[in-house]
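Working notes for the structure below.
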Amino acid sequence: MTLDELNALPFEAARSAMLDVCGCEAWAVEMAAKRPYGSLKAVNESADAQWWLLGDYGWLEAFRAHPVTGAPDQRAAALSNAAPDSEPTIIDTITGLRHEYYATFGFTFVFCAEGKTPEDVLDAIKSRVENRPEEEMAYAAEEQAKITQVRLGRLFGHEGN
């Protein structure tokens with residue numbers, strides 16, 4: 001999609017595209033309503049500003065829009081199946097910690113894994129699963145802001161932002 005295409009979309013189509021980016025209805029509505037944008041930088045800045053205005057309720061909506069964790073993606077499944085008779089793999093460990101995380105916080109582990117290794121993900125979830133809820137909310141919000149920027153980049157045909 002181009003910036004001109006986003007600006008020209010009917011409101012509901014723009015809202016839907018933005019909802020796919022972030023997962024929070026209020027954020028998507030505001031992003032669609034603020035059109036037209038003069039540049040991709042303006043879109044990114046508006047995305048960040050709107051994100052930080054939401055607060056806990058909007059953040060939880062976005063966190064809960066992530067797929068339920070624990071189901072490995074194809075790459076993770078391949079890594080996990082590489083040595084089926086060995087000790088638990090890093091992916092198995094991450095999966096177990098993701099279940100613990102969800103049970104503790106009520107939302108999936110939010111982490112911008114763009115360019116990260118499974119070891120990076122494991123280190124992050126290990127360091128966050130024991131957090132206090134308010135502390136974890138702040139970490140997850142920071143990560144969701146990063147994810148939103150990555151998704152905006154992809155929406156406009158860029159690999160990163």
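The values are calculated or read from the model by the stated rules, or taken from the named source; none is laboratory data. As the structure is a computational prediction, the values presented were derived from the model and not from experiment. Here the Cβ is made from the backbone with ideal geometry for all residues, glycine too, and neighbour counts use every protein chain on show. The area values use the complete protein model at the heavy-atom level, side chains included, leaving out ligands, DNA and RNA. Shrake-Rupley method; radii C 1.70, N 1.55, O 1.52, S 1.80 Å.
Got a number for the accessible area of residue 102? Probe 1.4 Å, square angstrom, nearest 10.
Surface accessible to solvent at residue 102 totals approximately 110 Å².
In a GNM of the chain with a 10 Å cut-off on Cα contacts, which of 15, 35, 98 has the highest mean-square fluctuation?
35
So how exposed is residue 1, as accessible area in Å² (1.4 Å probe, rounded to 10)?
80 Å²
At a 1.4 Å probe radius, which order do 158, 66 fall into by accessible area, largest first?
Putting 158, 66 in descending order of accessible area: 158, 66.
Which of the helices in the chain meet the span-like rule: DSSP H, Cα axial reach of 27 Å or more, Kyte-Doolittle mean at least -1.0?
Values: long enough: 133-155 (32 Å, -0.70).
Helix filter hits for the chain: 133-155.
Taking 2.2 N^0.38 Å as the expected size of a compact globular protein, what ratio does the Cα radius of gyration of the chain give against it, to two decimals? Mind dumping the intermediate values first?
On the way: Rg = 17.3 Å, N = 161, 2.2 N^0.38 = 15.2 Å.
Its radius of gyration relative to the 2.2 N^0.38 Å reference: 1.14.
Would you calculate a helix-derived [θ] at 222 nm for the chain, using -39,500 (n - 2.57) for each DSSP H run of n ≥ 4 and dividing by the full residue count, to the nearest 500?
Numbers: 9 runs with 109 residues, N = 161.
It comes out at -21000 deg cm²/dmol, rounded to the nearest 500.
Percent of alpha carbon pairs in segment 9-56 separated by more than 12 Å?
58 percent
Of 43, 67, 27, which is farthest towards the positive pole of the chain's charge dipole, taken about the Cα centre with +1 and -1 on the beta-carbons of Lys, Arg and Asp, Glu respectively?
Sorting the options by dipole projection puts first 43.
Students often get this wrong, so check it: of 34/146; 34/126; 34/116, which have C-alpha atoms separated by over 31 Å? Before the final figure, lay out each step's value.
Working: 34/146 21 Å; 34/126 39 Å; 34/116 33 Å.
Where the Cα-Cα span goes over 31 Å, the pairs concerned are 34/126; 34/116.
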